[in-house]
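Q: A single structure is presented below for examination.
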Amino acid sequence: MLITFDIDETIRLHGSSQPPEQPVITWAARLFYREPIRIGFIKVCNDLRSQGCRIGIYTTSSRSVGYIRRWMGCYGFRPDLIVNATIHEEALSGLFERGRPPSKHPGLFGVDLHIDDSKGIAIEAELFGFRALIIDPENLNWGASILDSVRALAINQRSRHYDEYERKRQSEQPRFYGGGEVIHREPLRKQSIGFVATHERLKLSL
């Protein structure tokens, strides 16, 4: 599962009273990469990776890929994917000749869940069919909200894969002819969880 984080007001808070993460390479952070990172970000990433997730950064800011990689490196974190404004614009080029393109489109990069602070992203998630979790900058329990949502998404994906397996198994099941009757086995039914992007967190509708 690939999960991406926005930067501004998601993992880099502006004017927040919350204490920031402490860098592991202090001299580089002090001299060259002075942008603080939201406390709890590294722990969330470590917890997600322990569950087999890949973690990326998706920003439409002008920060370069190299800058983002070195900045994150000061905190001991190496992203599996980095999308900045240049990469985003190149990916969307020619896809939306009619109508306004989305400000972000994580689905184009194979992202399973995007973490952002913008309520506009929640609306775009509905319109363009990607998954987004909206986290308030002042939410002190933001890490728990992310982990809960990822666990729910994993359940949803396993359920969907099970349903796909059942459909394939039923389609490949042999037909027995005798007495004018074709025998079919009814597939097992299992509830699945649908994801809806909201302004505060993902709602699960059973």
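Q: For segment 61-88, what are the residues that are farther than 18 Å from Y33 by Cα and either of a type outside the set (S, T, Y) or crowded, with 17+ Cβ neighbours inside 10 Å (or both)? Spell out how you get there, then give the answer.
A: Restricting attention to segment 61-88, the residues satisfying the condition of being farther than 18 Å from Y33 by Cα are 80-81, 83, 85-88.
Of everything in segment 61-88, those that are farther than 18 Å from Y33 by Cα and either of a type outside the set (S, T, Y) or crowded, with 17+ Cβ neighbours inside 10 Å (or both) turn out to be D80, L81, V83, A85, I87, H88.
Q: Can you tell me which residue is surrounded by the fewest Cβ atoms within 10 Å (Cβ to Cβ) among those in segment 2-19 that are within 17 Å of I57 (Cβ to Cβ) and polar (S, T, N, Q)?
A: T10
Q: For segment 22-37, state whether one or more residues are in contact (Cβ under 8 Å) with a residue 60 or more places away in the chain and among the basic types (K, R). Walk me through how you get there before you give the answer.
A: First, the residues of segment 22-37 that are in contact (Cβ under 8 Å) with a residue 60 or more places away in the chain: none.
No, that holds for no residue.
Q: Out of (1) of a type outside the set (K, R); (2) under 18 Å from C74 (Cα atoms); (3) surrounded by 14 or more Cβ atoms within 10 Å (Cβ to Cβ), what's the single condition that is false for L48?
A: (2)
Q: OK, next. Take segment 32-45 and flag every residue that is open to solvent by 40 Å² or more (accessible area, probe 1.4 Å) and outside any helix (DSSP H, G or I). Walk me through it before giving the result.
A: Residues of segment 32-45 that are open to solvent by 40 Å² or more (accessible area, probe 1.4 Å), as a first pass: 32, 34, 36, 39, 43.
Hits for segment 32-45 are F32, R34, P36, I39.
Q: Determine which member of the set S93, S149, S159 is open to solvent by 70 Å² or more (accessible area, probe 1.4 Å), out of contact with any Asp or Glu (no Cβ under 8 Å at 6 or more places or on another chain) and small (G, A, S).
A: Details: S149 fails: open to solvent by 70 Å² or more (accessible area, probe 1.4 Å); S159 fails: open to solvent by 70 Å² or more (accessible area, probe 1.4 Å).
Checking each option against the conditions leaves just S93.
Q: Condition first: in a loop (DSSP other than H, G, I, E, B), β-branched (V, I, T) and surrounded by fewer than 18 Cβ atoms within 10 Å (Cβ to Cβ). Can you find one or more residues in segment 20-31 that meet it? Lay out the reasoning, then the answer.
A: Filtering segment 20-31 for residues in a loop (DSSP other than H, G, I, E, B) gives 21-25.
Pick out the ones that are also β-branched (V, I, T) and you get 24-25.
Add one more test, that the residue is surrounded by fewer than 18 Cβ atoms within 10 Å (Cβ to Cβ), and what stays is 24-25.
Scanning segment 20-31 turns up at least one residue that is in a loop (DSSP other than H, G, I, E, B), β-branched (V, I, T) and surrounded by fewer than 18 Cβ atoms within 10 Å (Cβ to Cβ).
Q: Could you list all residues from segment 97-146 that are under 13 Å from T4 (Cα atoms), open to solvent by 40 Å² or more (accessible area, probe 1.4 Å), touching a strand residue (DSSP E or B) at 6+ places or on another chain (Cβ under 8 Å) and not in a loop (DSSP other than H, G, I, E, B)?
A: Answer for segment 97-146, where residues must be under 13 Å from T4 (Cα atoms), open to solvent by 40 Å² or more (accessible area, probe 1.4 Å), touching a strand residue (DSSP E or B) at 6+ places or on another chain (Cβ under 8 Å) and not in a loop (DSSP other than H, G, I, E, B): just F109.
The values are calculated or read from the model by the stated rules, or taken from the named source; none is laboratory data. It should be emphasised that the depicted structure is a prediction, and the values quoted were computed from it without experimental measurement. In this analysis, Cβ positions are derived from the backbone assuming ideal geometry, glycine residues included, and neighbour counts consider all displayed protein chains. These area figures cover heavy atoms from the full protein model, side chains too; ligands, DNA and RNA do not enter into them. Shrake-Rupley method; radii C 1.70, N 1.55, O 1.52, S 1.80 Å.
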